Each structure stands twice: as structure tokens, then as C-alpha cells.
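Okay, structure first, notes after.
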Amino acid sequence: MKKEFVQFRCSIYEKKLLKIKAKKSGLSISEYCRRAAFDHRIIERFSDEQINVYKLLVQYQVNFKRIGNMYKKRNPKLSEEVVQLANEIRKHLYNFKK
């Protein structure tokens, strides 16, 4: 249980920046400062727009895989390039998870 009270001074701009960063990460200012002080991971939450872009990238990756499979026998070179592009998209999607 948290019983102790700690205060520190900052400028108006620093306080606004703390509020913005805490809000983006879905934390209170106190919890944000605690995590920053103890070097804990602070993960910024995705906005609705970022989530929609992520979903779109997932759909592109699936579509490129399908296109690559479709041209596998007719044009193997094109199929390899399309599959490579799908794998690059997939690699970027995995970076979102980190």
C-alpha cells in the first residue's frame, strides 16, 4: 500500500508534457513518474487511427501471400517477390508487438 507522498517541482511545460505522455500510455501522472524513475517499461497505447492502420497492414500481408501463391506456377519470380514483400510487412507487424 502506498502511504508516502513525494513532490517535485517542474515548469508548466514539463507538467503538460508529463500529462500528455501519461495519457498516451494510459497511466496516471504518478504511475508514469514512478515507472520512469525505476526504469520500467512505459508502453504508449495505440490510437484508433494506429489500430486501423495495423489492421490494414495485416490485411495487405494476407493479400500479398495469396497473390504470391496464385502465381507460384505461372511466374515463380513474381511469386518470390510478392512473398518477400508479404514477409517484410509481417516483420514490421511483429515490431509493433515489442
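The values are calculated or read from the model by the stated rules, or taken from the named source; none is laboratory data. Since we're looking at a predicted model, the values are computed, not measured. A quick note on method: Cβ atoms are made from the backbone with ideal geometry, for glycine too, and the neighbour counts reach across all protein chains shown. What goes into the accessible areas is simple: the full protein's heavy atoms, side chains included, and nothing from ligands, DNA or RNA. Shrake-Rupley method; radii C 1.70, N 1.55, O 1.52, S 1.80 Å.
Of the trypsin sites (Lys or Arg not before Pro) found in the range 1-58, the ones in coil according to DSSP and having at most 14 other Cβ atoms within 10 Å of their Cβ are K2, K3, R9, R41, R45. Using a cutoff of 8 angstrom between alpha carbon atoms and counting only pairs six or more residues apart, the relative contact order for the chain works out to 18 percent. Applying a threshold of 29 Å to the alpha-carbon distances of K3/K24; K24/K91; K24/K65; K23/K55; K21/K91; K16/K91 flags K24/K65; K16/K91 as lying beyond it. Choose one answer from I51, I12, I67: the residue with the largest mean-square fluctuation in a GNM of the chain with alpha-carbon springs under 10 Å. Looking only at I51, I12, I67, the largest GNM fluctuation is found for I12.
Between S11 and N75, the modelled labels are 5.7 nm apart [label points 7 Å from Cα along Cα→Cβ].
When you filter the GluC sites (Glu not before Pro) in the range 1-35 for DSSP loop state and at most 11 other Cβ atoms inside 10 Å of their Cβ, you are left with E4. For the chain, with all protein chains in place and a probe radius of 1.4 Å, 55% of the accessible heavy-atom surface sits on carbon or sulfur.
Rolling a 1.4 Å probe over the protein heavy atoms gives the chain an accessible area of 92 Å² per residue. Looking at the chain, the chymotrypsin sites (Phe, Trp or Tyr not before Pro) that sit in a DSSP loop and have at most 12 other Cβ atoms within 10 Å of their own Cβ are F5, F8, F38. Against the chain, whose longest principal axis is taken from its Cα atoms, helix 12-25 shows a tilt of about 50°. Entry note, the chain: the mean residue ellipticity at 222 nm calculated from DSSP H runs of n ≥ 4, each adding -39500 (n - 2.57), is -23500 deg cm²/dmol after division by the residues and rounding to the nearest 500. The range 6-98 gives an Rg/Rh value of 1.28, both radii derived from C-alpha positions and Rh following Kirkwood. Of interest is the spacing of the C-alpha centroids, which for the range 1-38 and the range 43-98 amounts to 37 Å.
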